[in-house]
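A short write-up of the structure that comes next.
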Amino acid sequence: MNISVTETREDTTACILCSRNCGLSVEVDATGFKKIRGDDAHPMSQGYICQKAARLEYYQNNADRLNQPLKRKEDSTFEEISWNQAINEIAVKMTAIRDTHGGEAFATCGGGGQGNHLGGGYLGQLRAAMKSYFNYNSLGQEKTGDFWLNGRLFGSQTCHITEDVEHSDFVIFLGCNPFQAHGIPNARHTLKEISKDPARTMVVIDPRRTETAKMADIHLQLKPGTDAYLLSAILAIIVNEGLQAKEFLAEHCTGFASVERYLKSVPVAEFIRRADVNPDDVYAVARGLATASSGCVRADLGIQHSIRTTLNGYFEKLLYLVTGQFGKRGANNLHTTIVPILTDTDERNPKYRRSVYHKMFAVSGILPPNILADEILLAGEKRIRSIFVDSCNPINTWADSDRMTEAFKSLELLVVTDVALTETARLAHYVLPAASQFEKWEFTGFNLEFPVNGFHLRHPLFPAYGNTLPEPEIYTRILEAMGKIPKDFPVMKAIAKKEPKGTFHLGFLISLAAKLMTDKKLQPFAASILYRTLGSTLPNKGAAAAIMLPLSIVTSMRYHDGVKRAGYKGNRFTSGVRLFRAILRERSGLVYIRQNYEDVWSLVANKDQKIHLRIPEMLDEALALLKEPVDHDKPFTLIAGERRAYNANQIFRDPQWRKIDKTGAMRIHPDDAEELGLVAGDQVICDSGYANIKVDIMIDDTMRRRVVALPHGYAITYDNGEEIGPALNRLMPLTHCDPFSRTPSHKYTPVSLAKA
Ligand SMILES: Nc1nc2c(c(=O)[nH]1)N[C@H]1C(S)=C(S)[C@@H](COP(=O)(O)OP(=O)(O)OC[C@H]3O[C@@H](n4cnc5c(=O)[nH]c(N)nc54)[C@H](O)[C@@H]3O)O[C@H]1N2
Ligand SMILES: Nc1nc2c(c(=O)[nH]1)N[C@H]1C(S)=C(S)[C@@H](COP(=O)(O)OP(=O)(O)OC[C@H]3O[C@@H](n4cnc5c(=O)[nH]c(N)nc54)[C@H](O)[C@@H]3O)O[C@H]1N2
Ligand code: SF4
Ligand SMILES: [Mo]
């Protein structure tokens, strides 16, 4: 069929700008998006979207889109090369690096953004081909402290917590601003519902009077970086008043006595003073959470990009565990997964390799970006020499851009797969152009709901742009060129093609299992083998979706009752295959599991199915809080990276996408502005002592005195123009991070300000 350029059609897809991945109902023509609305048929978002989704055309079509593989020349300019040349040269270089220096010489960075996790599984195979264990990604600069705590508390770093905000009577938003950043279902609707219901309480703990805080019943506008004191005080009030959930703790937890010993030693009034908030409000929050029929805590970067991030996370989790606000409607809960984006790599198990220079452990399989430059520059013979970057722009988004640039420039082989020529891609030896997320089969692994959880396999809306390829094809070709997998699997392919529907792919799966058993070296490359075999038989060029067959079967095996309740009939195997077929068929996503709140206990990985509250490392760090605090000596604390109406990580490069806030201005309290002689429209030099940047200001009384805020997601050089907006990640060295998890302390950046 010939589609003329002007002909439009209706279709469905999902937004790719944040972890919610709201369903979209779109009008498109052959060139791009014409209209974007929420998709009422999407089972999770049910028609909800925010203002950012309407601008997705700026992602799909822009001047930085890549359309041909690029190779860097001696003079640092790029030449266009063919896919064959790119794949073959890369394969030869990778093999040489591995054979000379071993697996430690290779690492991957990224592997998926907010909406694209399909390619990451294929990228991971390159680590296996290189014998490498080193996987760095952006979760390692925000969430790994949280994952580590889950490992200790629940028994596996794959256990992940969600919060049933929609059904909760008492919600604490701790260091998060869902009005702008979302992260909870249909955020603005949900916030409005809580806010207008007098029987429900909303608490916000944030140094800024955010859009969310303005809707709250109680706003604890604490001093930045003091969460550990404030949360200790709240927990101490609870135990001092005997409000802990005694039955819940006895029945479901171990180790409470150790926690209680610390909490009994907390000087409540002194800690509240350090956080600089109203004591009456703190007591109200403690009593409110402990006595609410249902309560939950939603936390994000406000505690995870601050100081003491892992300890903050421990106290955050103790809030709902000590009060028994867990494992029921309206509380915090564990959830199931269908796409396993996290693994369990408990650092006490010697089988998981540490980094060479820092001897740093991975959490959930992820190493922290803050150590990467040292692992490249300081690890001598055992250094990282070759990196693959995918769906990530570390030069802009990871800490210390200058040091990262120096490190990346020293690599023997840097390959970047992206849709756009990013700041990181400009340093690469090879740039591989990916089809956009609307030009290929894609999905997200951010399926974080309980007890009903959903999944959405997205189909391509547009033909692939220029000479781009989807990641599964790119990485499978590299594995083939490295000789890791054969170019063809004629037997398996024939079986897949001929198999009648009624056998539920059993013949194919048996042939796959037989192949992997007889040729064990192929096992790490199962994704690409499925892609080339079963994948070649799937309709609409859906080869990349073949991976969902084993994942659906595993899901059904693990949670059979819940999968059956979601409508996939049959035994553990056939219901899994039925789920797979539904995933391929449904264009607006589906519900894959319906559980009951009581099922949460089956998701606890500890053998005794209890929650182990005592974490010695954290209790030691907690005791250190009792000492007199030392603050930084700069006049201002900069919150370096705020979510606003028009930032979305670095997914949009064209500055035109931003309706407002084009330059990413700094919020500053009117009294601070006056003291510095600043008026609206002025610029300031923001100096951390390590580096400085010049930024616009915006006078704003939602700030605390002596606290300023800048948005993240800027410093982009679009279409070879000038860099626009704050280059936040120039400001601090890599050592400015949590000593335990090594996540950066962006939200606690000490600076001085002077009129420019
Ligand atoms: N519009 C938009 N939405 C996004 C994104 C985006 O770029 N733009 N990015 C997505 C991503 S990747 C993520 S991780 C999430 C992050 O989502 P959030 O964490 O909700 O977003 P932030 O605005 O970075 O930080 C939340 C709040 O932390 C507060 N804060 C700062 N310092 C402290 C402190 O010391 N203590 C406490 N308690 N709070 C503090 C800030 O004032 C801010 O309001 O957002 C996602 N959603
Ligand atoms: N100072 C400071 N720094 C921060 C933050 C902060 O608050 N303050 N926030 C941090 C947080 S929480 C996060 S999550 C990170 C996010 O930072 P990154 O992990 O770097 O992710 P994105 O900015 O989303 O960039 C994604 C890249 O993927 C590319 N891309 C889009 N679609 C595709 C595709 O289909 N295939 C491929 N191969 N590439 C694609 C985009 O062009 C872009 O270059 O930033 C972090 N950096
Ligand atoms: S940015 Fe997030 S909340 Fe907004 S439409 Fe996209 S996925 Fe939904
Ligand atoms: Mo993030």
Tally of residues being surrounded by 15 or more Cβ atoms within 10 Å (Cβ to Cβ) and over 9 Å from GLY23 (Cβ atoms) across segment 38-53: 3
In segment 506-538, residues that are open to solvent by less than 10 Å² (accessible area, probe 1.4 Å) and in contact with a Phe, Trp or Tyr (Cβ under 8 Å, 6 or more places away or on another chain) total 4
So, in segment 501-525, how many residues would count as being in contact (Cβ under 8 Å) with a residue 60 or more places away in the chain and closer than 27 Å to ARG127 by Cα? 2
Taking into account only those residues within segment 304-360 that are outside any loop (DSSP other than H, G, I, E, B) and β-branched (Val, Ile, Thr), which is surrounded by the fewest Cβ atoms within 10 Å (Cβ to Cβ)? THR310
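Got a sec? Which helices (runs of 4 or more DSSP H) wholly within segment 478-551 have at least 3 residues that are more than 31 Å from the chain's Cα centre (by Cα) and either at pLDDT 95 or above or charged (D, E, K, R) (or both)? Outline the logic, then answer.
Values: elements: 490-498, 506-518, 526-532.
In segment 478-551, 490-498, 506-518 are the helices (runs of 4 or more DSSP H) which contain 3 or more residues that are more than 31 Å from the chain's Cα centre (by Cα) and either at pLDDT 95 or above or charged (D, E, K, R) (or both).
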Quick check on this structure: which one of ILE660, ILE693 is open to solvent by 60 Å² or more (accessible area, probe 1.4 Å) and either under 16 Å from VAL751 (Cα atoms) or free of Cβ contacts under 8 Å to residues at least 40 places away in the same chain (or both)? ILE660
In segment 235-268, what residues are in contact (Cβ under 8 Å) with a residue 24 or more places away in the chain, open to solvent by 70 Å² or more (accessible area, probe 1.4 Å) and part of a helix (DSSP H, G or I)? ASN240, GLU247, LYS264
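Taking the conditions exactly as written (touching a helix residue (DSSP H, G or I) at 6+ places or on another chain (Cβ under 9 Å), within 16 Å of ligand 2 (Cβ to nearest atom) and part of a strand (DSSP E or B)), does LEU17 satisfy them or not? Lay out the reasoning, then the answer.
On the way: touching a helix residue (DSSP H, G or I) at 6+ places or on another chain (Cβ under 9 Å): yes; within 16 Å of ligand 2 (Cβ to nearest atom): yes; part of a strand (DSSP E or B): no.
Judged against the criteria, LEU17 is not a match.
Say we look at segment 696-732 and pick out the residues that are more than 21 Å from GLN650 (Cα to Cα) and more than 12 Å from ligand 1 (Cβ to nearest atom); which of these is surrounded by the most Cβ atoms within 10 Å (Cβ to Cβ)?
Keep residues of segment 696-732 that are more than 21 Å from GLN650 (Cα to Cα), which gives 697-708.
Right, trim to more than 12 Å from ligand 1 (Cβ to nearest atom) and you get 697-699, 701, 705-706.
Values: ILE697: 25, MET698: 18, ILE699: 20, ASP701: 10, ARG705: 12, ARG706: 16.
Of everything passing the filter in segment 696-732, ILE697 is surrounded by the most Cβ atoms within 10 Å (Cβ to Cβ).
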Pairs where the first residue, in segment 474-500, is outside the structural domain of ARG98 (by TED's automatic domain parsing) and the second is loosely packed, with under 12 Cβ neighbours inside 10 Å and assigned to a helix (DSSP H, G or I), C-beta under 7 Å, 6+ apart: none
Of all residues in segment 155-192, count the ones that are within 13 Å of ligand 1 (Cβ to nearest atom), part of a loop (DSSP other than H, G, I, E, B) and at negative phi. 3
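On the given criteria, is GLY112 touching a residue at least 12 places away in the same chain (Cβ under 8 Å) and assigned to a loop (DSSP other than H, G, I, E, B)? Spell out the reasoning first.
Working: touching a residue at least 12 places away in the same chain (Cβ under 8 Å): yes; assigned to a loop (DSSP other than H, G, I, E, B): yes.
The answer is yes for GLY112.
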Which of the numbered conditions does HIS167 fail, given that it passes all the others? Conditions: (1) out of contact with any Asp or Glu (no Cβ under 8 Å at 6 or more places or on another chain); (2) surrounded by 22 or more Cβ atoms within 10 Å (Cβ to Cβ). (2)
Considering segment 464-477, residues that are of a type in the set (A, V, I, L, M) and outside any loop (DSSP other than H, G, I, E, B), and then whichever is farthest from ligand 2 (Cβ to nearest atom), we arrive at LEU469
Only unsatisfied item for LYS359, checking (1) more than 16 Å from ligand 1 (Cβ to nearest atom); (2) touching a Ser or Thr at 6+ places or on another chain (Cβ under 8 Å), is (2)
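Pull up segment 736-756, narrow it to residues that are out of contact with any His (no Cβ under 9 Å at 6 or more places or on another chain) and either without any contact (Cβ under 8 Å) to a residue 24 or more places away in the chain or within 16 Å of ligand 1 (Cβ to nearest atom) (or both), then point me to the one that is farthest from ARG65 (Cα to Cα). Spell out the reasoning first.
So in segment 736-756, the residues out of contact with any His (no Cβ under 9 Å at 6 or more places or on another chain) come out as 737-741, 751-756.
Narrowing the set further to residues that are either without any contact (Cβ under 8 Å) to a residue 24 or more places away in the chain or within 16 Å of ligand 1 (Cβ to nearest atom) (or both) leaves 737-739, 741, 751.
Details: CYS737: 34, ASP738: 36, PRO739: 38, SER741: 35, VAL751: 36 Å.
The residue in question is PRO739.
Does ARG65 satisfy the criteria of being outside the structural domain of ARG477 (by TED's automatic domain parsing), within 16 Å of ligand 1 (Cβ to nearest atom) and of a type outside the set (A, V, I, L, M, F, W, C)?
no
Every residue, every condition in (1) within 16 Å of ligand 4 (Cβ to nearest atom); (2) more than 27 Å from ALA640 (Cα to Cα); (3) open to solvent by less than 10 Å² (accessible area, probe 1.4 Å), yes or no:
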residue: LEU139; (1), (2), (3): yes, no, no
residue: ASP146; (1), (2), (3): yes, no, no
residue: ALA187; (1), (2), (3): yes, no, yes
residue: GLN221; (1), (2), (3): no, no, no
residue: SER232; (1), (2), (3): no, no, yes
Give me a count of the residues in segment 568-599 that are more than 30 Å from GLY38 (Cβ to Cβ) and surrounded by fewer than 21 Cβ atoms within 10 Å (Cβ to Cβ). 7
Filter segment 20-37 for residues that are closer than 22 Å to GLY454 by Cα and assigned to a loop (DSSP other than H, G, I, E, B); which is most open to solvent (accessible area, probe 1.4 Å)? ARG20
The lone condition LEU461 fails out of (1) assigned to a helix (DSSP H, G or I); (2) in contact with a strand residue (DSSP E or B) (Cβ under 8 Å, 6 or more places away or on another chain) is (1)
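Can you go through ARG594, ARG643 and tell me which one is touching a strand residue (DSSP E or B) at 6+ places or on another chain (Cβ under 8 Å), within 16 Å of ligand 2 (Cβ to nearest atom) and touching a residue at least 40 places away in the same chain (Cβ under 8 Å)? I'd like the intermediate steps shown before the answer.
Working: ARG594 fails: within 16 Å of ligand 2 (Cβ to nearest atom).
Exactly one of ARG594, ARG643 is touching a strand residue (DSSP E or B) at 6+ places or on another chain (Cβ under 8 Å), within 16 Å of ligand 2 (Cβ to nearest atom) and touching a residue at least 40 places away in the same chain (Cβ under 8 Å), namely ARG643.
Could you count how many residues in segment 152-164 are touching a Ser or Thr at 6+ places or on another chain (Cβ under 8 Å) and open to solvent by less than 20 Å² (accessible area, probe 1.4 Å)?
Filtering segment 152-164 for residues touching a Ser or Thr at 6+ places or on another chain (Cβ under 8 Å) gives 157-158, 160, 164.
Next, from what is left, pick out any that are open to solvent by less than 20 Å² (accessible area, probe 1.4 Å): 157, 164.
Residues meeting the conditions: 2.
Can you tell me how many residues in segment 25-55 are within 16 Å of ligand 2 (Cβ to nearest atom) and more than 21 Å from the chain's Cα centre (by Cα)?
At the first step, the residues of segment 25-55 found to be within 16 Å of ligand 2 (Cβ to nearest atom) are 32-33, 52-53, 55.
Checking the rest, the ones that are also more than 21 Å from the chain's Cα centre (by Cα) come to 32-33, 55.
The total comes to 3.
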Selection from segment 135-145 of residues that are within 15 Å of ligand 1 (Cβ to nearest atom) and over 17 Å from ASN447 (Cβ atoms): ASN137, SER138, GLY140, GLN141, GLU142, THR144, GLY145
Just give me the residues in segment 390-410 being open to solvent by 20 Å² or more (accessible area, probe 1.4 Å), more than 23 Å from ARG65 (Cα to Cα) and not in a helix (DSSP H, G or I), in sequence order. SER410
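The values are calculated or read from the model by the stated rules, or taken from the named source; none is laboratory data. Predicted, not measured: the structure shown is a model, and the values here were computed from it. Every residue, glycine among them, receives a Cβ derived from its backbone with ideal geometry; neighbour counts consider all protein chains shown. We work out accessible area using only protein heavy atoms, side chains counted, and drop any ligands, DNA or RNA first. Shrake-Rupley method; radii C 1.70, N 1.55, O 1.52, S 1.80 Å.
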